[in-house]
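Remarks on the structure that follows.
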Amino acid sequence: MTWKPTDLKTYMASVRPQFEEMLAQWVELPSVSSDPQHHDDIWRTATLAVQFLREMGATARIVKTRGYPAVVGGWTVGKQHPTLTIYNHLDVQPAQEPEWRQSPFTFRKEGDRYRGRGTTDDKGPALTALFAARYAVEHGIPLNIRFLWELEEEIGSPHFQDILNQRTLVSKPQSVLVSDTIWVSRTQPAISCGLRGLLAARLTLRTGTTDVHSGLTGGGARNPLAELCDIVHACVDAKTGRVKIPGFYDDVVRPTRQEMQGFLRSGFQVSRFKRAFGFRSLRTEICADLIRRIWTDPTFEVHGLVGGHMGPGVKTVVPPSGELKVSMRLVPNQNPDRILALLRRFVKERNPMIKVESDGKLEPFRGITEGPYAEALRQAVRDGFGKEPAQVREGGSIGAVALMQRAWNVPILFMGLSLPEHGYHAPNEYFDWGQASGGMRVFAHYFNNLAKMG
Ligand SMILES: [Zn+2]
């Protein structure tokens with residue numbers, strides 16, 4: 001058979017019941033990677049994924065790690081043809097939010113909407129890509145399509161390197177497509193072209209052995225909580241967010257004017273952002289400034305300060321120790337190890353007794369915006385959704401991306417299908433057929449465009 005985009009409509013209508021049935025089965029397995037109680041559900045999800053791939057006519061197998069496994073599979077239509085690896089993840093966020101109006105792990109179809117934890121992040125997009133790939137294979141598109149489905153994405157991909165190291169099972173493709181990102185608005189397709197990285201750290205200070213009375217010792221006793229607050233003040237301007245650690249901004253690459261214009265076309269609205277996250281006020285209400293702050297500027301956040309009297313009322317103790325939990329979102333080309341070294345040196349100079357311990361790091365990622373791959377994807381989005389895509393960035397991190405980049409050094413592109421209203425990492429998550437069918441069209445066109453590139 002040959003490629004005829006007009007067949008796609010018929011194909012999508014015919015596969016819709018199967019798509020929904022498979023999504024239902026996946027959603028009803030609570031593959032919460034952060035909760036050890038769901039250990040068996042993760043493995044069941046992987047087994048079901050293998051079964052799905054085989055039912056679709058693809059090869060499939062589980063790749064074991066010291067943690068949770070990954071699932072790989074796909075079609076090799078000819079060794080002389082290029083190979084694309086599609087990345088998705090099949091683990092999900094916990095779903096304990098009281099706002100759920102249904103049981104989160106019961107799949108519910110309401111018209112075009114598919115409700116349940118994991119529908120949009122990221123099981124729905126994974127299935128969308130799978131159905132598009134089968135279409136491409138059935139229509140003789142000369143492209144080898146492989147899937148790489150992770151089950152530890154929501155916990156920071158601790159064993160993803162293990163997976164990449166198993167090179168006979170997970171071999172290097174010519175390019176990668178990651179489908180795990182969000183548009184800014186339903187009416188404006190968006191292609192992400194960068195991710196922020198992360199450096200998390202715990203700062204601890206111990207100056208005594210036990211709580212002491214502030215009337216008996218206060219004035220002479222050091223106060224570790226106050227000293228940790230002082231370090232926060234030294235590291236960041238709490239009002240503006242400006243980081244004050246010397247050298248912190250040295251490697252930051254600012255977005256070009258052209259990129260900024262693209263971001264502004266994404267449909268981003270300050271008022272909607274405020275409403276979506278329930279903010280009463282923000283550091284800025286200027287659209288371009290807010291976009292820059294959440295997508296392309298690095299941050300320094302305080303997540304918690306532990307110590308002293310945490311119960312009701314005031315208890316007049318001087319605590320013996322304190323722990324400060326912080327993290328920095330990093331942007332291209334900041335390096336988490338270098339930033340950690342800067343933080344350590346800075347803290348040591350100001351307060352040598354504070355211990356700095358790193359608590360996880362992810363490299364930032366700068367995607368491709370020019371050249372044949374970027375154009376092939378943009379063209380596919382025009383064909384799939386009938387609109388010119390906007391280029392955006394992700395303020396968050398996908399740990400696997402930087403690792404694939406380092407292991408393979410091939411073009412990595414992003415085509416997410418989630419919408420802000422889908423409840424990504426939030427209660428009442430859903431996915432919808434509009435995004436699934438549009439996504440299938442985009443993927444099918446992209447596969448065809450890649451095959452033409454050879
Ligand atoms: Zn995700």
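When 281, 192, 266 are screened for being under 28 Å from residue 427 (Cβ atoms) and surrounded by fewer than 13 Cβ atoms within 10 Å (Cβ to Cβ), only 281 passes. Taking every residue in segment 21-34 that is assigned by TED's automatic domain parsing to the domain that holds residue 124 and pairing it with any residue that is among the hydroxyl-bearing types (Ser, Thr, Tyr), at least 6 positions away or on another chain, the pairs with Cβ-Cβ distances below 6 Å are 23/114; 27/119; 29/45; 31/45. Just to be sure I understand the filter: pairs with C-beta atoms under 9 Å, separated by 6 or more residues or on different chains, first member in segment 433-449 and charged (D, E, K, R), second member part of a helix (DSSP H, G or I). Which pairs pass? Pairs that qualify, where the first residue is charged (D, E, K, R) and the partner is part of a helix (DSSP H, G or I), are 441/8; 441/9; 441/12; 441/132; 441/380; 441/383; 441/384; 441/385. When residue 86 is tested against (1) more than 29 Å from residue 411 (Cβ to Cβ); (2) within 16 Å of the ligand (Cβ to nearest atom), just one condition goes unmet, and that condition is (1).
Of 221, 201, 226, all but one fail to be in a strand (DSSP E or B) and out of contact with any Lys or Arg (no Cβ under 7 Å at 6 or more places or on another chain); the exception is 201.
Filtered by the rule that a residue be in contact with a helix residue (DSSP H, G or I) (Cβ under 7 Å, 6 or more places away or on another chain) and within 26 Å of residue 236 (Cβ to Cβ), segment 298-319 gives 300, 302, 305, 307, 308, 318, 319. Of all residues in segment 107-166, those satisfying the criterion of being part of a loop (DSSP other than H, G, I, E, B) and hydrophobic (A, V, I, L, M, F, W, C) are 107, 141, 143, 151. Of the residues contained in segment 35-42, one or more are found to be more than 16 Å from the ligand (Cβ to nearest atom) and in contact (Cβ under 8 Å) with a residue 40 or more places away in the chain. Every condition in (1) under 30 Å from residue 288 (Cβ atoms); (2) at pLDDT 95 or above; (3) in contact with a strand residue (DSSP E or B) (Cβ under 7 Å, 6 or more places away or on another chain); (4) outside the structural domain of residue 321 (by TED's automatic domain parsing) holds for residue 410 except the one numbered (1).
Scanning segment 385-401 for residues being away from the ligand (no atom under 15 Å from the Cβ) and closer than 12 Å to residue 195 by Cα gives a total of 2.
Do we find a residue being surrounded by fewer than 20 Cβ atoms within 10 Å (Cβ to Cβ), in a helix (DSSP H, G or I) and of a type in the set (A, V, I, L, M) anywhere in segment 356-379? Within segment 356-379 (the criterion being surrounded by fewer than 20 Cβ atoms within 10 Å (Cβ to Cβ), in a helix (DSSP H, G or I) and of a type in the set (A, V, I, L, M)), the answer is yes, since at least one residue qualifies.
Criterion applied to 155, 145 was being among the aliphatic types (A, V, I, L, M), in contact (Cβ under 8 Å) with a residue 12 or more places away in the chain and surrounded by fewer than 20 Cβ atoms within 10 Å (Cβ to Cβ), and the one residue passing it is 155. The combined condition, being touching a residue at least 24 places away in the same chain (Cβ under 8 Å), in the same structural domain as residue 180 (by TED's automatic domain parsing), more than 16 Å from the ligand (Cβ to nearest atom) and of a type in the set (Lys, Arg), is not fulfilled by residue 108.
Of all the listed residues (187, 168), the sole one being free of Cβ contacts under 8 Å to residues at least 60 places away in the same chain and away from the ligand (no atom under 16 Å from the Cβ) is 168. Of all residues in segment 415-428, those that are on the phi > 0 side of the Ramachandran plot and assigned to a loop (DSSP other than H, G, I, E, B) have Cβ atoms under 9 Å from Cβ atoms of residues that are crowded, with 21+ Cβ neighbours inside 10 Å and among the β-branched types (Val, Ile, Thr), 6 or more apart or on another chain, in 423/119; 423/120. Applying the criterion of being part of a loop (DSSP other than H, G, I, E, B) and of a type in the set (D, E, K, R) to the residues of segment 4-30, the residue that is farthest from the chain's Cα centre (by Cα) is 4. Exactly one residue out of 94, 98 is assigned to a loop (DSSP other than H, G, I, E, B), assigned by TED's automatic domain parsing to the domain that holds residue 156, surrounded by fewer than 23 Cβ atoms within 10 Å (Cβ to Cβ) and more than 16 Å from the ligand (Cβ to nearest atom): that is 98.
Hey, among the residues in segment 235-259 that are in a helix (DSSP H, G or I) and loosely packed, with under 15 Cβ neighbours inside 10 Å, which one's modelled with the lowest pLDDT? Among those residues, the one meeting the criterion is 258. Within segment 294-310, the set of residues being assigned to a loop (DSSP other than H, G, I, E, B) and modelled with pLDDT of 95 or more comprises 297, 298, 299, 300, 307, 308, 309.
The values are calculated or read from the model by the stated rules, or taken from the named source; none is laboratory data. What you see is a predicted model, and the numbers here were worked out from it, not measured in a lab. Positions of Cβ are backbone-derived with ideal geometry, glycine not excepted, and every protein chain shown enters the neighbour counts.
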